[in-house]
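Step one of this worksheet: look at the structure below.
The values are calculated or read from the model by the stated rules, or taken from the named source; none is laboratory data. In this text, all values refer to a predicted model and were calculated from it rather than measured experimentally. With ideal geometry, Cβ positions are generated from the backbone for all residues, glycine too; neighbour counts draw on all protein chains shown. Quick note on the areas: whole protein, heavy atoms, side chains included, nothing else; ligands and nucleic acids left out. Shrake-Rupley method; radii C 1.70, N 1.55, O 1.52, S 1.80 Å.
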Amino acid sequence: MIKNFLQTAWRRLWQYRSASFLSIAGLSIGMTSALLIFLWVQNEMSYDSYNPQADRTYRITAYLTNVKWVWATVPLPTAAAVQQKMPEIEKTTNIRGTGNIAFHIGNEYFPEKKCAYIDSNWFDFFHYDFLEGNPKNFFNDPFSILLTESTAKKYFGSREAIGQAIQIDTINYRVAAVVKDNPANSSFQFDVLISLQSYLSNPAAFKNDATYNNYNYRTFLRLRPGANPKKVAAGIAGVFPQSGNATKTTFDLISLKDMHFETGLTNQNDIQPASIKSVYIFSVLGVFLLVIACINYVNLTTARASRRAKEVSIRKVIGAGKASLFSQFILESLLVSLISLIITIILVRLSLPLFRQLTEKNFTDPLLHLFTWKLIGLTLLAATLLNGIYPALMLASFKPLSVFKGLNVLKVKDAWLRKGLVVLQFTFSVLLIISTIIIQRQMNYIQSLDPGYSRSQLFSFTLPWSISKGKSETERESMFSDVRHELLKYTSVAGATAASQSIVNLQSSNAGSADWDGHDTSFRPTVFQLSADPYYKDVLQIQLAQGRWFQPDSKLDQHNFVLNETAIKDFKIHTPVLGQRFTFQGDTGQIIGVVKDFHFASLHKRIGDMVFMNNPGWRNTIFVKTQAGKTPQALAAAKALWQRLAPDKPFEYIFQDEQFDQLYKDDRRLSTMIWVFSVIAIFISCLGLFGLAAFAAEQRTKEIGIRKVLGATVGNLVTLLSTDFLRLVLLSILIASPVAGWLMHQWLQDFAYHVPLSAWIFLLAGSMALLIAILTISFQALKAARSNPVKNLRTE
Amino acid sequence: MIKISELQKSYRTEEVETIALNRLSFEVKEGEFVSVMGPSGCGKSTLLNILGLLDDPDGGSFLFNGTEVAHFNERKRADLRKRNIGFVFQSFNLIDELTVFENVELPLIYLGVKGPERKQRVEVVLDKMQIMHRRNHYPQQLSGGQQQRVAVARAVVNNPKLILADEPTGNLDSSNGNEVMQLLTDLNEQGTTIVMVTHSEHDARYSHRIIRMLDGQTVTENILV
């Protein structure tokens, strides 16, 4: 019986090739999109969970409550101390960032950004696939270095990496292990791991880290089964020495599995926090796409149901029961789903490199994972059921009566359902069009909004601390002054200034150190701080609202401050503002100027209170403004200078524009992904509409013939054939608009500064949907309207 | 074999009620060949639907081999139908996607007959209908007469006790029509009961008895043999 079903199904697919093509193409594209999205979602949801005992692994979070800082790091001694004091803790491990280091191989320097120092328990906590070397022997030599496969290949090509020497600063390391590249769902995307022992063997480093004052280590704890993480977290503060330190610190534990979506850390530069919102958005989008694609199949199948009435009736007359017919149609849907799935697997394979680029995740071949096959199985099941059940029920319940009449006259009374499904499809599509337009507008707004300073043709480089080590403030100041003058000698350099950090995304903040006259001391605002030299305002083109900027060569100004407008307002500084006493970071001076508010963080955040100081001790970054068109020369000049100052370090620089782009990397990725999948959703919906329009035209062949004979023009007929569908699309626009409005309102709430939800966006999206629908339908309508009426009437 | 008495059936649309069968009674004995004639709309098709267990009557009784089947549920009717009744239609009603062999095989599949036996039985029937050489062709590739022979083959492959034929020669030329009528006569001679709806006096003459219908009732019965 199954053979017979499959035969009929297969031959029918072939006979109605164009309809089959539309169903299968839509389904394959929908399934491919859904599968890729679910792969991404699964990857996001499974971060770090592949590690052994991930459910018992936690990381300590430190809350420095006085200054309102939340850190993912704690002092080095914490790990050993908590383990000793708390029996609930089975094991601990530490990882420390290396900062920017450079590999010295042969005669060349290579900057390496993704490096960390690890202690000897690291591999007990985190899983690595060792290709060469092993975790046990790795720590035998403190100067061991571990590389990922691609890093090893980058440096040593096909040569064996093990045993190769790499110099970092003045220390020689040896490659002791090579591991497979980190999986895409690992929070630790380090290319290089170095034994922590080597770092601590430097007495100065050890002295710096062995205290409870420096929070440099991410410390992970493995709790014993059944241990209460809340209790453990509460006990951590107890290991810290009681001191008169005003900084009060409390601790919490975050589960390894939750770490990926962690938010609220004060300084989260190294790890981009993922957004659980995006995960939800894309999960829904994945289901949408699958449903849209299935709707095509259901619509095309049920639309053609009357054609199948004959077959169903004959089968019934001959003895087929409902169950047998039901299984026949389910089997047919399975066949279509299976064909689509095979195409899907090929498409997934082909689109994976693009998807990797889009998501910036290094997915390995998904077909090698059991999860993917489970997902494929589930998708197949979902598609088969979504596709199969309704048509199967509908077709199986046909009454075969009319078969005796020779022609089937069955009226399929499911037109409302088919219309409903088209409305649903287009509602999704319109929703996506509106969202895409709004997201795109917000992205443009971000890119084009004047942040209140100029970041164009501006690059920066950070001088290594080593060259200013041991220098007095005056010596440092004169060093920066020399650097500045040196750079300004070049015609390619338009300006140069020194500051403590980049203005694009100010990270450094402090709460509790600011004081002024009339200050209510219970008010401890978080204040963003930046140390800038007297040239900063002009190079960055920051606007003054009142007063003046720091003057060159003014010793007095080194203790003065410039605040932004928000700070003046929030602090309720007495008027006249200028000349008011201000104390900050232990230094007391006057407020000499107020700058107009500018955006020193992403537009997700409201402009906060900000203080400029002029303390040269804080500064180590040089900002260079280049003359238009002379950037390469300016870079060469900076590099030449660098090579004189720090010949043993590679010259690294970053353009402020680039840094700005980093701020919205996630938003842009989201926007691109939404855009791509919107186009796909609309395309699939159009495939369905195209099929339905073709079918409607075909069904009305006789009517069209008669109307033509009676004098209808092509225009009349196209209108006749299109109106029904366009009404549905209009209804979709009406349903989708408020839903999209609400959703986008929610999304925009994540931005402190955002575009308004203007009515024209909805009008534009609606018109686009209508236009797309008209184009889709009119092809079929025109074809039908222009056909020969004599032929049409004869076919009846 | 068939005994119907006081059979009633009416159709309702929104405004009009049409009485299709009006207290219709007659009997068909085992081995009989009966023709039903009458003008369009007299209720012939409705009668055939009910006899074929494709539709229920609104009232009256329908005894099939002595069992009251008028109010059988769908499943029971389907079961009775597939074991006892074969159908031949004016428009052949072959499934376009299946070959001649597969079309004829279909009733046996639904009866649960195993593959090798199916093959053998289908071949016997195709041979008998002289259509064996066309076994791998699709219906569209056959002439009308050949298609109707396939339809007859399909109707008889499960050895039904009753064949219901709805204008079996309506779409055929006279020579093909005669061939089909001869086939039915042969089947009847081998013991199969046949009820045939027809407009053709010529075809009706192949049967033993003609029931003439008008407005849902029998008006006359002509016994021919």
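Considering each of A:Leu27, A:Leu36 in turn, give the residue that is under 30 Å from A:Asp258 (Cα atoms), buried (at least 21 other Cβ atoms within 10 Å of the Cβ) and either more than 13 Å from chain B (Cβ to nearest Cβ) or modelled with pLDDT under 85 (or both). Before the answer, list the steps.
Details: A:Leu27 fails: under 30 Å from A:Asp258 (Cα atoms).
Only one candidate passes the filter, namely A:Leu36.
Show the residue pairs that are 6+ apart or on different chains and have beta-carbon atoms under 8 Å apart, the first residue being within the stretch A:536-551 and open to solvent by less than 50 Å² (accessible area, probe 1.4 Å), the second being among the aromatic types (Phe, Trp, Tyr) and assigned to a strand (DSSP E or B).
These pairs meet every condition: A:Tyr536/A:Phe612; A:Tyr536/A:Phe623; A:Val539/A:Phe623; A:Leu540/A:Phe623; A:Phe550/A:Phe612.
All but one of (1) within 31 Å of the chain's Cα centre (by Cα); (2) among the polar types (S, T, N, Q); (3) at pLDDT 85 or above; (4) part of a loop (DSSP other than H, G, I, E, B) hold for A:Thr250; state the number of the condition that does not hold.
Of (1) within 31 Å of the chain's Cα centre (by Cα); (2) among the polar types (S, T, N, Q); (3) at pLDDT 85 or above; (4) part of a loop (DSSP other than H, G, I, E, B), only one is false for A:Thr250: (4).
State all residues of the stretch B:48-64 that are open to solvent by less than 20 Å² (accessible area, probe 1.4 Å) and out of contact with any strand residue (DSSP E or B) (no Cβ under 8 Å at 6 or more places or on another chain); if no residue qualifies, say none.
B:Asn49, B:Leu54 - these are the residues of the stretch B:48-64 that are open to solvent by less than 20 Å² (accessible area, probe 1.4 Å) and out of contact with any strand residue (DSSP E or B) (no Cβ under 8 Å at 6 or more places or on another chain).
Going by the structure shown, is B:Leu106 touching a residue at least 12 places away in the same chain (Cβ under 8 Å), within 12 Å of chain A (Cβ to nearest Cβ) and either assigned to a loop (DSSP other than H, G, I, E, B) or of a type in the set (A, V, I, L, M, F, W, C) (or both)?
In short, yes.
In this structure, is B:Asp173 open to solvent by 30 Å² or more (accessible area, probe 1.4 Å), over 18 Å from the mean Cα position of the chain (by Cα), touching a residue at least 12 places away in the same chain (Cβ under 8 Å) and within 13 Å of another protein chain (Cβ to nearest Cβ)? Walk me through how you get there before you give the answer.
Numbers: open to solvent by 30 Å² or more (accessible area, probe 1.4 Å): yes; over 18 Å from the mean Cα position of the chain (by Cα): yes; touching a residue at least 12 places away in the same chain (Cβ under 8 Å): yes; within 13 Å of another protein chain (Cβ to nearest Cβ): no.
The answer is no for B:Asp173.
Test A:Ser18 against the criterion of being surrounded by fewer than 17 Cβ atoms within 10 Å (Cβ to Cβ), within 30 Å of A:Phe288 (Cβ to Cβ), more than 14 Å from chain B (Cβ to nearest Cβ) and in contact (Cβ under 8 Å) with a residue 24 or more places away in the chain, and give yes or no.
Numbers: surrounded by fewer than 17 Cβ atoms within 10 Å (Cβ to Cβ): yes; within 30 Å of A:Phe288 (Cβ to Cβ): yes; more than 14 Å from chain B (Cβ to nearest Cβ): yes; in contact (Cβ under 8 Å) with a residue 24 or more places away in the chain: yes.
When the stated conditions are applied, A:Ser18 passes them.
So which residues in the stretch A:3-15 are at the interface with another protein chain (Cβ under 10 Å from one of its Cβ atoms) and touching a residue at least 24 places away in the same chain (Cβ under 8 Å), if there are any at all? Steps first, please.
From the stretch A:3-15, those at the interface with another protein chain (Cβ under 10 Å from one of its Cβ atoms) are A:3-5, A:7-15; that's our starting set.
Residues satisfying the conditions are A:Phe5, A:Thr8, A:Ala9, A:Trp10, A:Arg12, A:Leu13.
Looking at A:Asp597, A:Asp587, which one is surrounded by fewer than 21 Cβ atoms within 10 Å (Cβ to Cβ) and within 22 Å of A:Phe480 (Cα to Cα)?
Values: A:Asp597 fails: within 22 Å of A:Phe480 (Cα to Cα).
After applying the criteria, what remains is A:Asp587.
Output the residues belonging to the stretch A:608-635 that are among the aliphatic types (A, V, I, L, M) and within 19 Å of A:Ser500 (Cβ to Cβ). Steps first, please.
To start, the set of residues in the stretch A:608-635 that are among the aliphatic types (A, V, I, L, M) comprises A:610-611, A:613, A:622, A:624, A:628, A:634-635.
Those that are among the aliphatic types (A, V, I, L, M) and within 19 Å of A:Ser500 (Cβ to Cβ): A:Met610, A:Val611, A:Met613, A:Ile622, A:Val624.
Filtering the stretch B:65-78 down to residues that are open to solvent by less than 60 Å² (accessible area, probe 1.4 Å) and under 17 Å from the mean Cα position of the chain (by Cα), which residue is farthest from the other protein chains (Cβ to nearest Cβ)? Spell out the reasoning first.
First, the residues of the stretch B:65-78 that are open to solvent by less than 60 Å² (accessible area, probe 1.4 Å): B:69-70, B:72, B:77-78.
So of that shortlist, the ones also under 17 Å from the mean Cα position of the chain (by Cα) come out as B:77-78.
Details: B:Arg77: 10, B:Ala78: 5 Å.
Result: B:Arg77.
Which numbered condition in (1) away from chain A (no Cβ under 14 Å); (2) more than 19 Å from the chain's Cα centre (by Cα) is the only one that B:Tyr138 fails?
All conditions pass for B:Tyr138, except number (1).
Evaluate the following for B:Val88: is it in contact (Cβ under 8 Å) with a residue 24 or more places away in the chain, open to solvent by less than 10 Å² (accessible area, probe 1.4 Å) and away from chain A (no Cβ under 11 Å)? Break it down stepwise before answering.
Details: in contact (Cβ under 8 Å) with a residue 24 or more places away in the chain: yes; open to solvent by less than 10 Å² (accessible area, probe 1.4 Å): yes; away from chain A (no Cβ under 11 Å): no.
Criteria not met by B:Val88.
Got a sec? Which of A:Ile542, A:Ile438 is in the same structural domain as A:Val577 (by TED's automatic domain parsing) and of a type in the set (A, V, I, L, M, F, W, C)? Walk me through it before giving the result.
Details: A:Ile438 fails: in the same structural domain as A:Val577 (by TED's automatic domain parsing).
Criteria check complete, one pass: A:Ile542.
Within the stretch A:312-323, how many residues are open to solvent by less than 10 Å² (accessible area, probe 1.4 Å) and either facing chain B (nearest Cβ under 9 Å) or touching a Ser or Thr at 6+ places or on another chain (Cβ under 8 Å) (or both)?
Step one: of the stretch A:312-323, the residues open to solvent by less than 10 Å² (accessible area, probe 1.4 Å) are A:312-317, A:319-320.
Now narrow it down to the ones that are either facing chain B (nearest Cβ under 9 Å) or touching a Ser or Thr at 6+ places or on another chain (Cβ under 8 Å) (or both): A:313-317, A:319-320.
Total meeting the criteria: 7.
Can you give me the number of residues within the stretch A:417-460 that are within 26 Å of the chain's Cα centre (by Cα) and hydrophobic (A, V, I, L, M, F, W, C)?
13
Taking strands (runs of 3 or more DSSP E) that fall entirely within the stretch A:21-103, which contain at least 2 residues that are of a type in the set (Ser, Thr, Tyr)? Step through it out loud before you land on a result.
Working: elements: A:57-64, A:69-71, A:89-97.
The strands (runs of 3 or more DSSP E) meeting that bar are A:57-64, A:89-97.
Considering (1) surrounded by fewer than 21 Cβ atoms within 10 Å (Cβ to Cβ); (2) within 20 Å of A:Leu335 (Cα to Cα); (3) more than 14 Å from every other protein chain (Cβ to nearest Cβ), say which one A:Tyr109 fails and leave the rest.
That leaves (2) as the condition not met.
Among the residues of the stretch B:46-56, is there at least one that is within 30 Å of A:Leu13 (Cα to Cα), within 9 Å of another protein chain (Cβ to nearest Cβ) and assigned to a loop (DSSP other than H, G, I, E, B)? Please lay out each step first, then the result.
Let us first name the residues in the stretch B:46-56 that are within 30 Å of A:Leu13 (Cα to Cα), namely B:54.
Of the ones still in play, those that are also within 9 Å of another protein chain (Cβ to nearest Cβ) are B:54.
Now drop any that are not assigned to a loop (DSSP other than H, G, I, E, B), which leaves B:54.
Yes: the stretch B:46-56 contains one or more residues that are within 30 Å of A:Leu13 (Cα to Cα), within 9 Å of another protein chain (Cβ to nearest Cβ) and assigned to a loop (DSSP other than H, G, I, E, B).
Would you check if A:Ile376 is touching a helix residue (DSSP H, G or I) at 6+ places or on another chain (Cβ under 7 Å) and either under 30 Å from A:Ala765 (Cα atoms) or at pLDDT 90 or above (or both)? Lay out the reasoning, then the answer.
Details: touching a helix residue (DSSP H, G or I) at 6+ places or on another chain (Cβ under 7 Å): yes; either under 30 Å from A:Ala765 (Cα atoms) or at pLDDT 90 or above (or both): no.
Answer is no for this residue.
Scan the stretch A:636-647 for residues that are open to solvent by 30 Å² or more (accessible area, probe 1.4 Å) and within 36 Å of the chain's Cα centre (by Cα) and report the count.
So in the stretch A:636-647, the residues open to solvent by 30 Å² or more (accessible area, probe 1.4 Å) come out as A:636, A:639-640, A:643-645, A:647.
Remaining after also requiring within 36 Å of the chain's Cα centre (by Cα): A:636, A:639.
Final tally of qualifying residues: 2.
Which condition breaks for A:Tyr63 when tested against (1) of a type in the set (Phe, Trp, Tyr); (2) out of contact with any helix residue (DSSP H, G or I) (no Cβ under 8 Å at 6 or more places or on another chain); (3) free of Cβ contacts under 8 Å to residues at least 40 places away in the same chain?
So the condition that A:Tyr63 fails would be (3).
Tell me which residues, restricted to the stretch B:41-85, are over 18 Å from B:Tyr11 (Cα atoms), of a type in the set (A, V, I, L, M) and in contact (Cβ under 8 Å) with a residue 40 or more places away in the chain.
If the condition is that a residue be over 18 Å from B:Tyr11 (Cα atoms), of a type in the set (A, V, I, L, M) and in contact (Cβ under 8 Å) with a residue 40 or more places away in the chain, then B:Leu63, B:Ile85 are the ones that fit.
Quickly run through the stretch B:21-44 and pick out the residues that are open to solvent by less than 40 Å² (accessible area, probe 1.4 Å) and not in a strand (DSSP E or B).
B:Gly31, B:Glu32, B:Gly38, B:Cys42, B:Gly43, B:Lys44
Just to confirm my filter: which strands (runs of 3 or more DSSP E) fall fully inside the stretch A:493-605 and include at least 3 residues that are over 30 Å from A:Ala628 (Cβ atoms) and in contact with a strand residue (DSSP E or B) (Cβ under 8 Å, 6 or more places away or on another chain)?
On the way: elements: A:493-499, A:509-511, A:526-531, A:544-547, A:561-564, A:581-584, A:587-595.
Hits in the stretch A:493-605: A:509-511, A:526-531, A:581-584, A:587-595.
Between a first residue in the stretch A:329-341 that is free of Cβ contacts under 8 Å to residues at least 60 places away in the same chain and under 16 Å from A:Met394 (Cβ atoms) and a second residue that is of a type in the set (S, T, N, Q) and surrounded by fewer than 24 Cβ atoms within 10 Å (Cβ to Cβ), which pairs have beta carbons less than 6 Å apart while being 6 or more apart in sequence or on different chains?
Within 6 Å, the pairs are A:Ser333/A:Thr384.
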